[in-house]
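Structure, as structure tokens:
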Amino acid sequence: MWEAIPRRSASPGHPLKDKDGFWVGTALEPYGLVYPQEDAAPRDSEPREWDDLLNPKLKGEVAQCAPTRSSSSNATTK
């Protein structure tokens, strides 16, 4: 079955299996950054990429849903 799985997804071309044979991707889930612009404190710049969330000015303001509470994670594990 390993050989029947493509090395990368058709679009956008993410890896579907590990080059060393340790894992196979089973689901691609989109994630994004969401924040209320009208309620947000003034910032030097808006977060646009995941690394932007590492800005020390955002300490205490970044949250993530627990995987056990995420509908998309729940749907892909069944």
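Bear in mind that the values in this text are calculations on the coordinates, not laboratory data. It should be emphasised that the depicted structure is a prediction, and the values quoted were computed from it without experimental measurement. Neighbour counts are summed over all protein chains in view; Cβ atoms, including those assigned to glycine, are modelled from backbone coordinates with ideal geometry.
Among residues other than Pro15 whose Cβ falls under 12 Å from its Cβ, what is the net charge (Lys/Arg +1, Asp/Glu -1)?
+2
Only residues of the range 45-68 count here: report those whose backbone N is under 19 Å from the spot 7 Å along Cα→Cβ of Tyr31, or say none.
Only 47-56, 58-68 pass the distance filter.
Let me check I've understood the local charge: for Leu53, count other residues with C-beta under 11 angstrom from its C-beta, Lys and Arg +1, Asp and Glu -1. What total comes out? Write down the numbers at each step before the final one.
Details: positive: Arg48, Lys57, Lys59; negative: Glu49, Asp51, Asp52, Glu61.
So the environment of Leu53 carries a net charge of -1.
If amide H atoms are built 1.01 Å from N in the plane of the peptide, which residues on other chains or at least 5 residues away come under 5 Å of the amide H of Lys17?
Counting only residues 5 or more places away or on other chains, the set is Gly25.
Once phi is turned into ³J(HN,Hα) by the Karplus curve 6.51 cos²θ - 1.76 cosθ + 1.60 with θ = phi - 60°, what whole-Hz value does each residue of the range 49-54 show in order, with x for glycine and proline?
10, 4, 5, 4, 6, 7
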